[in-house]
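Structure first, then comments.
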Amino acid sequence: MSENLVEPMQLNIGPAHPATHGALRFHVDLDGETIKKSRTEIGYLHRAFEKHSEISTWSQIIPYTDRLNYCSSLMNNVGYCKAVEELLQIQIPERAIFIRVIVSELARIMDHLICVGTAAVDLGALTNFWYFFNVREQIYDFTEKLCGARLTTNYTRIGGVMRDLSPGFQDGIKKVLKDLDKAIAQVVGLLERNRIFMDRTQGVGTISKEDAIAYGFTGPCLRATGVPHDLRRAQPYYHYDEFDFEIPVGTMGDAYDRLMVRVEEMRQSSKIVEQALSRIPDGPIISSDARIALPPKEKVYGSIEGLMNHFMLLTDGIKPPKGQVYSATEAANGELGFYIISDGGARPYRIHCRPPCFPIASAFDKMVENSMIADAVAILGGLNIVVGELDR
Amino acid sequence: MEKIVSYLVGHCEKLQHLPEDFIYLALQVVAGLLVLMLFVAPFAGIISFVERRIAARVMDRVGPNRVGPQGIFQWLADGVKSLLKEDIIPAQADSVLFRLAPYLVFVGMFAAFVVVPFSSGLIVADLNIGIFYLIAVTSIVVVGIMMSGWASNNKYSLLGGMRSAAQIVSYEIPAGLSILAVVILSGSLSIQSIIKAQGAYPWQWFLFQNPLMPIAFISLFIASLAEGNRTPFDIPEAESELVSGYSTEYSGMRFVFFYFEEWANLYLIAAVSTALFLGGWNLPSAVVSWAQTKGDVLLHLLQFLTFFIKAMVMVFIIIQLRWTLPRVRVDQLMALCWKYLTPIGFVVSLGWQLGWLYFLRECLWSVM
């Protein structure tokens, strides 16, 4: 209207802003409250994960993966270890597989709880956040029992997992899942048909199927546009093809669908956890291959072979064969891929992480154009951009 | 009042040299200050604590419970803390306007309490244009909020101030139209007269006087929520969008003034709805005559309790709403005002006039 007469107001949203949930920055041109142009600036949380990996042994990288998507660190552990195991071409014990499925799905639930909860907070509905966080807290208690940490889990090991399920895990988790159902019912009751919530999210930040695929969307954001793409079905790993679950899809590809798809996914994940818990076999939780897994402590302290084995693994490390591998898992936000090149040494030659957030964040500028500041916040909440993963 | 004046003049020789009007005026100021100090200030403080506890209940958590029994003195602790905080005025801010703005907000809100009744006798000033004065004087708040948004020299504050100005000015119209419907019914602008025109029982309240009044009540309720910047209309200070809106740059006691205004306003919204629609302090005549045999104090106490309980129910509804609903977007807020509430307001205020004419048509014909 008056582009030449009035300069647009420049507004910095972030890097420290309540809605960005991390150090993310948008530089927007405002006409009144309408965003005319947005420029996303990322990198405020860059920790050189990929470069740092090149000077770390294969096992030392696992704790770094905790910091990628810190809302579901268990899943990053699983994704990375799965990639290295594919490079090593080894099979991990059945029990470890099931434990990985269980913790992955619990991590997915926790991630979605945070995403939907904080998205609702950004829209001004504070109460839902607490209903969800009460359940998340209970799951975190189990995570703590499982691996001693709540946020930075560092749970998986190359060849299996660090520790077996804690006693009482099965019954406890079943109770938590019931509470989860209750919390979801409460939040859905507060939001799903809420006129204000629908007005704020429906038709906001809409993206078409084609655009979403072109941008490289994966995960709930892609499924919200109506594409039933889920790596757990498309490239089944860890027996996902044997579990009974549905892939929820949206229709419009707007902020509302993105949140509702996540809510439904929590229910499906809860189903998978129950099935995995009922099918979990007994047995070892980590590979017995002496070149990969640390020997049990009795052997280390009781026999010279065990001690030497332990010593060699810690000083020399695992040495995968020369080669390269791309392995992807369906993380909470979408396809979490690790592209690894090994030169046969104790340290990776190059690791590239494909965070699901990166392509999603790249579409943000286009999605917020000609919408209002309040819409930008609603869109950001639904996309679930986790800056730890985005900036690596 | 006259009694007190004549008592003072009779017993204090120095006062006899002063004109009686002056004493009257001075007493008014004292009475006003008493209302502020004894009722509104503690109320705003306590309601901040009550709101936090209710919010905690709604959210399935505990809430403040450390200071005093059940945390009842939390508001005092918060107040003292805020007094001791450093008072920051940003270097780039317009420091005169920046300092002035909280006082305007404060004055606008507390001046409104002059016409808010507590019982049939307890009112600072029963102005004959009471409700009109209330609408007018609360508008000063907008000036203060806009001033704070502008003087902060912060883009978020500016956006918050602009949003607030647009919102409050727009919602004066549906609020005014709903109040107009009540004024037509009672035939008076004085709040005490409006209350006296109603009765103690629900069917005597203006809320149920005719089918249009509940609509007017809801319309006034929504409009006053918006004027008071309460969720779902708290967009001027929308935390996730505008950081903290117009009060972003404020700290210490100046910041508290804005929140003081908000909580005092909570009671104001409730009190106005109670007075205009819910029968105010009216008690059944049997109770009134019984209480009068025991003395005026008991009567006023009972009337105050009636009024206060009704207002409190409204306050609780408003608080519950705040912690249940998301917030609307700024354009949706305007659409709600101009597309829905304003036409509804016209229908309500004109509709009853036309209906009244219809019923009285025969009388009119006979006159003509």
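Using a probe radius of 1.4 angstrom, the carbon and sulfur fraction of the accessible surface of the protein assembly as shown is 63%.
Using just the helices of chain A, give the 222 nm mean residue ellipticity in deg cm²/dmol: DSSP H runs with n ≥ 4 each add -39,500 (n - 2.57), and the total is spread over all residues, rounded to 500. Numbers along the way, then the final one.
Numbers: 17 runs with 193 residues, N = 392.
The per-residue figure over chain A is -15000 deg cm²/dmol.
Each residue, A:Thr251 and A:Lys37, gets one label point 7 Å from its Cα in the Cβ direction; the gap between the two is 3.7 nm. Across the cross-link table entries B:Lys85/B:Lys155; A:Lys51/A:Lys322; B:Lys85/B:Lys310; A:Lys51/A:Lys297; A:Lys271/A:Lys366; A:Lys37/A:Lys209, which are compared at the Cα atoms, the separations over 29 Å belong to B:Lys85/B:Lys310; A:Lys51/A:Lys297; A:Lys271/A:Lys366. Comparing B:Asn282, B:Asn153, B:Asn65 in a Gaussian network model of chain B where C-alpha atoms under 10 Å apart are linked, the largest mean-square fluctuation is found at B:Asn65.
Calculated FRET efficiency, A:Ala16 and B:Ala286, Cβ-Cβ r, R0 51 Å, to nearest 0.05?
0.20
Once backbone amide H atoms are built at 1.01 Å from N, B:Trp323 has no partners under 5 Å, excluding neighbours fewer than 5 places away on the same chain.
Take each residue in A:139-152, count the other chain C-beta atoms within 10 Å of its C-beta, and the mean is 0.
Solvent-accessible area per residue for the protein assembly as shown at a 1.4 Å probe radius, Å²? Don't jump to the answer; show the numbers that get you there.
Details: 33040 Å² over 760 residues.
Here the residues of the protein assembly as shown average 43 Å² of exposed surface.
Computed with a 1.4 Å probe on the full set of protein chains, the accessible area for B:Asp94 sits at about 70 Å². Annotation: amide H-H contacts under 5 Å for B:Val328 (H modelled 1.01 Å from N, sequence separation of 5 or more, or interchain): B:Asp234.
With contacts taken as Cα pairs under 8 Å at a separation of at least 6 residues, chain B carries a relative contact order of 21 percent. Rounded to the nearest 500, the 222 nm mean residue ellipticity of chain B from helices alone is -21500 deg cm²/dmol, with -39,500 (n - 2.57) taken per DSSP H run of at least 4 residues.
Report, in order of residue number, the helices in chain B meeting two criteria: a C-alpha extent of 30 Å or more along the helix axis, and a mean Kyte-Doolittle hydropathy of at least 0.5; treat each whole DSSP H run as one helix.
Working: long enough: B:155-186 (46 Å, 1.06); B:252-277 (38 Å, 1.04); B:296-322 (38 Å, 1.76).
Span-like helices here: B:155-186, B:252-277, B:296-322.
Straight-line cross-link reach from A:Lys182 at under 14 Å between alpha-carbon atoms covers these aspartates and glutamates, not counting any fewer than eight positions away in the same chain: A:Glu264, B:Asp60. Counting Lys and Arg as +1 and Asp and Glu as -1, what is the net charge of the other residues whose Cβ lies under 9 Å from the Cβ of A:Ala331? Net local charge, A:Ala331 excluded: -3. The B-A contact accounts for approximately 2500 Å² of buried accessible area, totalled over both chains at a 1.4 Å probe radius.
Hey, got the average number of other protein chain Cβ atoms within 10 angstrom for residues in A:350-357?
Working: counts 0, 0, 0, 0, 0, 0, 0, 0.
That average works out to 0.
Is the shape of chain B best called rounded, prolate or oblate, per the rule: a/c under 1.5 gives rounded, else a/b larger than b/c gives prolate, else oblate, with a ≥ b ≥ c the square roots of the Cα gyration tensor eigenvalues? Oblate shape, in that a/c is at least 1.5 and b/c is the bigger or equal ratio. In chain A, the longest principal axis of the Cα atoms and the axis of helix A:304-315 are about 30 degrees apart.
Can you tell me how the protein assembly as shown classifies by the Cα gyration tensor, rounded, prolate or oblate, using a/c under 1.5 as the rounded cut?
Numbers: a/c = 2.42, a/b = 2.30, b/c = 1.05.
Prolate shape, in that a/c is at least 1.5 and a/b is the bigger ratio.
Using alpha-carbon pairs under 8 Å, 6+ residues apart, how would you state the relative contact order of the stretch B:242-328 in percent?
32
A cut-off of 5 Å between modelled amide H atoms, ignoring neighbours fewer than 5 places along the same chain, links A:Arg354 with A:Gly337, A:Phe338, A:Tyr339. With each label modelled as a point 7 angstrom along the Cα→C-beta vector, the A:Asp282-B:Ile46 pair spans 6.5 nm. Counting Cβ atoms of other protein chains within 10 Å of each residue's Cβ and taking the mean over peptide A:124-136 gives 5.
Does the stretch B:158-311 come out rounded, prolate or oblate by the C-alpha gyration tensor, with a ≥ b ≥ c the root eigenvalues, rounded set by a/c under 1.5 and, if not, prolate when a/b is larger than b/c and oblate if not? If you can, show how the numbers build up before the last one.
Values: a/c = 3.35, a/b = 1.76, b/c = 1.90.
Judged from the Cα gyration tensor, the stretch B:158-311 comes out oblate (a/c at least 1.5, b/c at or above a/b).
By the rule of a C-alpha distance below 13 Å, with chain neighbours fewer than 8 residues away ignored, the aspartates and glutamates paired with A:Lys36 are A:Glu3, A:Glu7, A:Asp365, A:Glu369, A:Asp375. Relative to the longest principal axis of the Cα atoms of chain A, helix A:373-383 runs at roughly 20 degrees. The value of relative contact order for chain A, using C-alpha pairs under 8 Å at least six residues apart, is 27 percent.
How much length would be gained if the chain were fully extended between B:Trp203 and B:Ile184, taking 0.36 nm per residue of separation minus their Cα-Cα distance, in nm to one decimal? Please list the in-between numbers first.
Details: separation 19, 0.36 × 19 = 6.84 nm, distance 1.80 nm.
5.0 nm is the gain from fully extending B:Trp203 to B:Ile184.
The values are calculated or read from the model by the stated rules, or taken from the named source; none is laboratory data. Computed from a predicted structure; not experimentally measured. In this analysis, Cβ positions are derived from the backbone assuming ideal geometry, glycine residues included, and neighbour counts consider all displayed protein chains. These area figures cover heavy atoms from the full protein model, side chains too; ligands, DNA and RNA do not enter into them. Shrake-Rupley method; radii C 1.70, N 1.55, O 1.52, S 1.80 Å.
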